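Data block below; observations after.
The values are calculated or read from the model by the stated rules, or taken from the named source; none is laboratory data. Since this is a predicted model, take the numbers as computed values, not measurements. Cβ: placed from backbone, ideal geometry, glycine included. Neighbour counts: every protein chain shown. Remember, those area values only see protein heavy atoms, side chains included, never the ligands or the DNA or RNA. Shrake-Rupley method; radii C 1.70, N 1.55, O 1.52, S 1.80 Å.
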Amino acid sequence: MNFSRRNFSKIIGVGALASFAGPLFSTTALGKPSRISSKKQIKRGLYLIKNAAVITVDPDIGTLPNADILIRNGIIERVGQNLTEKDADIIDATNMIVMPGFVNSHYHMWSAIGRSFTARKEGFSYYPAKFATSALYTPTDFYNSVMLASVELVNGGTTTVHNWSHNTRSPEHADAELQALENSHMRARYSYGHVDRLGPDKVNPYNDIDRVQSQWFGRNDKFEGMVHLGLNLRGTLQSDKATFYKEMEYAKRVGLPVAIHAPQETPNTADAVEYERRGYLGPDFLIAHYISASNDDLAAMARTKTPITIATHSELRLSSTGDARAVIMKMREAGLCISLSSDATSIAPPDMFEMMRFTWNLGVPWVGTENSGASKISVHEVIQMATLNGAIALGLGDMVGSISEGKRADIIMLRSNDLNIAPVSNFETAVVQSATANNVDTVIVDGKIVKRGGRLIGYDETRIINDAQNSARRIRAAAGELLES
């Protein structure tokens with residue numbers, strides 16, 4: 001990929017290539033994070049992407065074998081052929097597949113540094129059941145984990161993430177996650193949650209929300225609109241009904257979007273039909289998993305346009321008493337807006353290529369089941385699940401998720417002449433069947449280039465990895481042999 005007309009250093013700011021991780025955090029005596037360096041800015045540019053194979057995910061445009069894209073002030077201004085713009089930086093996309101950036105709609109980013117904490121005997125956990133390492137995470141650990149997770153996501157072509165924080169231990173922990181999101185250059189929802197293992201009959205007071213809103217959002221928005229605030233409620237999976245209903249009263253009062261976990265196996269403790277009656281369901285009520293959902297539950301979600309996020313690896317790994325594959329097909333047949341997500345790195349990597357490929361391979365109706373007459377899930381459908389549907393699930397469908405004129409420029413470029421993907425006959429099939437994060441050449445978020453020529457820009461990778469390793473080692477040392485049991 002070649003740039004012309006301007007020196008690339010002008011795009012990201014003079015001297016910015018040297019150090020990008022800040023402001024980074026160090027641990028004070030109280031375990032609170034403190035800023036130790038300043039953030040470097042990446043500038044938006046005027047870009048003209050030329051000669052690309054474009055998977056727009058826009059139903060009115062479709063996939064274009066050869067097209068150009070004009071980006072101005074972070075907005076996709078024009079999509080078409082033979083475009084010109086006198087002052088634009090030309091991005092030669094010959095032998096490139098261009099598509100919307102991925103949207104990961106459900107990721108517990110605070111736990112990313114614990115990706116290999118998995119207990120030998122238990123097979124899955126952020127921590128073994130008999131010892132909660134979640135209590136050992138300091139605000140600095142949260143910052144290091146979210147930074148690690150963010151840079152891994154960007155490297156693999158994810159431009160928007162739902163940071164589902166279900167271990168919000170203190171105001172300092174929340175600030176650490178928010179600071180990392182500010183430094184990530186990503187688009188995100190931050191869903192403020194509970195302290196891990198809060199008693200099922202204990203109502204989460206959310207007594208820090210007002211401060212978070214006033215300090216980080218609103219008139220004092222530190223994110224320039226790139227991050228929005230939501231609430232993570234435990235639902236009836238992790239709290240009793242009375243507690244969940246009380247927390248929902250608060251959520252409805254403050255008007256923030258809600259996300260809940262629902263069961264991945266029987267018994268079904270959630271009740272979407274009842275939630276519809278209570279007025280909970282709707283586009284701003286995101287449900288994760290829900291493999292135990294009945295047909296009536298799915299119908300209630302479809303009627304209210306309630307989105308679902310499916311972490312395909314997690315659903316099959318943890319749905320030990322249910323048929324996750326069949327339920328995913330039923331969700332699709334019910335007409336739900338299904339998005340894809342990674343859940344936790346202790347199950348699977350936050351790799352949207354792997355999630356698409358896995359979901360596509362599972363999306364085949366079984367003979368002798370109730371979905372035996374359904375059609376197969378197509379490669380186009382899983383691309384839409386990984387992009388536009390994720391944007392819709394987070395309330396961003398009018399802003400991102402497709403390459404459409406007027407939307408924000410969240411765009412990725414894949415090399416189609418790499419060894420593992422060439423030769424390309426069908427562009428969508430190539431993305432789903434063959435592509436990996438290694439093929440991601442360029443990532444643009446809100447009109448800012450954060451990866452170019454296969455190289456990340458705006459991040460001190462070595463420092464981010466070292467900080468994450470230091471946090472992981474300290475937590476493992478504090479947990480001792482319990483992590484090995």
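Counting the residues of the stretch 455-474 that are modelled with pLDDT of 90 or more, touching a helix residue (DSSP H, G or I) at 6+ places or on another chain (Cβ under 9 Å) and open to solvent by less than 60 Å² (accessible area, probe 1.4 Å) gives 8. I'd like the residue in the stretch 44-66 that is in contact with a helix residue (DSSP H, G or I) (Cβ under 6 Å, 6 or more places away or on another chain) and in a loop (DSSP other than H, G, I, E, B) and, out of all such residues, is modelled with the lowest pLDDT. Here the answer is Gly45.
Residues of the stretch 154-188 that are charged (D, E, K, R) and open to solvent by 10 Å² or more (accessible area, probe 1.4 Å): Arg169, Glu172, Asp175, Glu182. It is to be established whether one or more residues within the stretch 264-283 are within 23 Å of Thr387 (Cα to Cα), free of Cβ contacts under 8 Å to residues at least 40 places away in the same chain and not in a helix (DSSP H, G or I). Yes; the residues of the stretch 264-283 include at least one that is within 23 Å of Thr387 (Cα to Cα), free of Cβ contacts under 8 Å to residues at least 40 places away in the same chain and not in a helix (DSSP H, G or I).
Of the residues that sit in the stretch 213-247 and are part of a helix (DSSP H, G or I) and among the basic types (Lys, Arg), which one is most open to solvent (accessible area, probe 1.4 Å)?
Among residues in the stretch 213-247 that are part of a helix (DSSP H, G or I) and among the basic types (Lys, Arg), the one most open to solvent (accessible area, probe 1.4 Å) is Arg219.
Considering (1) buried (at least 17 other Cβ atoms within 10 Å of the Cβ); (2) out of contact with any Lys or Arg (no Cβ under 8 Å at 6 or more places or on another chain), the lone condition that Pro365 does not fulfil carries the number (2). Among residues of the stretch 420-449 that are closer than 19 Å to Ser404 by Cα, those with a beta-carbon under 8 Å from a residue that is assigned to a loop (DSSP other than H, G, I, E, B) and polar (S, T, N, Q) at least six positions away or on a different chain give the pairs Phe427/Ser416; Gly447/Asn73. Arg303 meets each of the listed conditions (1) in a helix (DSSP H, G or I); (2) surrounded by fewer than 22 Cβ atoms within 10 Å (Cβ to Cβ); (3) modelled with pLDDT under 95 apart from (3).
Filtering the stretch 192-234 to residues that are small (Gly, Ala, Ser) and either touching a Ser or Thr at 6+ places or on another chain (Cβ under 6 Å) or outside the structural domain of Ser150 (by the TED database) (or both) leaves Gly193, Gly230.
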